[in-house]
Amino acid sequence: MSSLYLDASAITKLVIAEAETHALQDRALGRSLVSSRVAVVEVTKAVARANPTADAQPVLARLAFVEVDAELARIAAATGGAILRSLDAIHLASAQRLGREIDAFVTYDDRQAAAAQDLGLAVESPGRDRVAG
């Protein structure tokens, strides 16, 4: 089964309907979905801000998670230079750890997409014509 790595921006679109949600749902259908454990915090907080009545847990329960350990933290700290945000670096390090196990890194964050492309990851943003970067 093919796998997609979803960052928090992508997972949030599976919880709260946005313009790209349907395309993302179609892309995710029949695939394993994986993210970093930090996405649990990111998505729960983002959903609570955007729609306090929405429940992120059913979507989060569908994902497998890469745990943050000392080695992953070391890799994340060295990833992307000073301009890359901390949680973005953790997502990228998590995706790098998975390597060929994932078919694509799915994000709707243009800065994160550019950093992922710089690392050689296949980047997708279903429902968008193009990701800047």
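Read-outs throughout are calculated quantities, based only on the coordinates presented, and are distinct from any laboratory measurement. Here the structure is a predicted model, which is why all the values come from computation and not from measurement. Backbone-built Cβ (ideal geometry, glycine too); neighbour counts: all protein chains shown.
Data for the structure
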| item | result |
| --- | --- |
| Identified option (computed Rg and Dmax of the Cα atoms in Å; candidates (i) 13.7, 38; (ii) 16.1, 46; (iii) 14.8, 49) | (i) |
| Sequence-distant residues sharing a close amide H with Y108 (under 5 Å, placed H) | S9, A10 |
| The chain - charge dipole about Cα centre, Lys and Arg +1 at Cβ, Asp and Glu -1, debye rounded to 20 | 100 |
| Virtual spin-label span in nm between F65 and S2, 7 Å along Cα→Cβ | 2.7 |
| Stokes-Einstein translational diffusion, the range 23-67 - Kirkwood Rh over all Cα pairs, 1.567 mPa s, 4 °C, in µm²/s | 114 |
| Mean Cβ count within 10 Å, highest first, over the residues of peptides 33-44, 72-83 | 33-44, 72-83 |
| Rel. contact order, % - alpha carbon contacts under 8 angstrom, at least six apart, the chain | 31 |
| Length added when fully stretched, R128-A73, from 0.36 nm per residue minus Cα-Cα | 16.7 nm |
| Centroid-to-centroid separation of the range 44-96 and the range 1-23 [C-alpha atoms, Å] | 13 |
| Residues in the range 24-48 that a label on R85 would reach, taking backbone N under 18 Å of a point 7 Å out along Cα→Cβ | 35-48 |
